[in-house]
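Peer 1: Before we start, here is the structure in question, set down as structure tokens.
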Amino acid sequence: IALNRKNALFAGSDEGAENWAMLASLIETCKLHGVNPEAHLSDVLSKLVNNWPNSRLAELTPWAWAAQQR
């Protein structure tokens, strides 16, 4: 995380820093639940692009996604 603080200085703007924090949080949440962050993000983005229904967004959280993959 110490490296993260140094890299976050180069976010460029407040919005960039917020995006950086959101992405870092998503990656760490995936790791906490034993999910490969790259595989999760790739699958979730492809589902969203292919019109995943809004009523089923909860299924795309890292913990729900991990349960579906088992």
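Peer 1: Among the numbered conditions (1) open to solvent by 60 Å² or more (accessible area, probe 1.4 Å); (2) under 13 Å from the mean Cα position of the chain (by Cα); (3) modelled with pLDDT of 95 or more, tell me where HIS40 comes up short.
Peer 2: Failed condition: (1).
Peer 1: Same structure again: How many residues, within the stretch 20-62, are part of a helix (DSSP H, G or I), β-branched (Val, Ile, Thr) and in contact with a helix residue (DSSP H, G or I) (Cβ under 8 Å, 6 or more places away or on another chain)? Explain how you work it out, then say what you get.
Peer 2: At the first step, the residues of the stretch 20-62 found to be part of a helix (DSSP H, G or I) are 20-32, 37-49, 54-60, 62.
Imposing the further condition that a residue be β-branched (Val, Ile, Thr) reduces the set to 27, 29, 44, 49.
From what's left, in contact with a helix residue (DSSP H, G or I) (Cβ under 8 Å, 6 or more places away or on another chain): 27, 29, 44.
So the count comes out to 3.
Peer 1: Under 17 Å from GLN69 (Cα atoms) and either open to solvent by 80 Å² or more (accessible area, probe 1.4 Å) or modelled with pLDDT under 95 (or both): does that describe ASN50?
Peer 2: On the way: under 17 Å from GLN69 (Cα atoms): no; either open to solvent by 80 Å² or more (accessible area, probe 1.4 Å) or modelled with pLDDT under 95 (or both): yes.
Considered against the rule, which asks whether it is under 17 Å from GLN69 (Cα atoms) and either open to solvent by 80 Å² or more (accessible area, probe 1.4 Å) or modelled with pLDDT under 95 (or both), ASN50 comes out as no.
The values are calculated or read from the model by the stated rules, or taken from the named source; none is laboratory data. Every value quoted in this text rests on a predicted model; they were computed, and no experiment measured them. Virtual Cβ from ideal backbone geometry, glycine too; neighbours counted across all protein chains shown. Quick note on the areas: whole protein, heavy atoms, side chains included, nothing else; ligands and nucleic acids left out. Shrake-Rupley method; radii C 1.70, N 1.55, O 1.52, S 1.80 Å.
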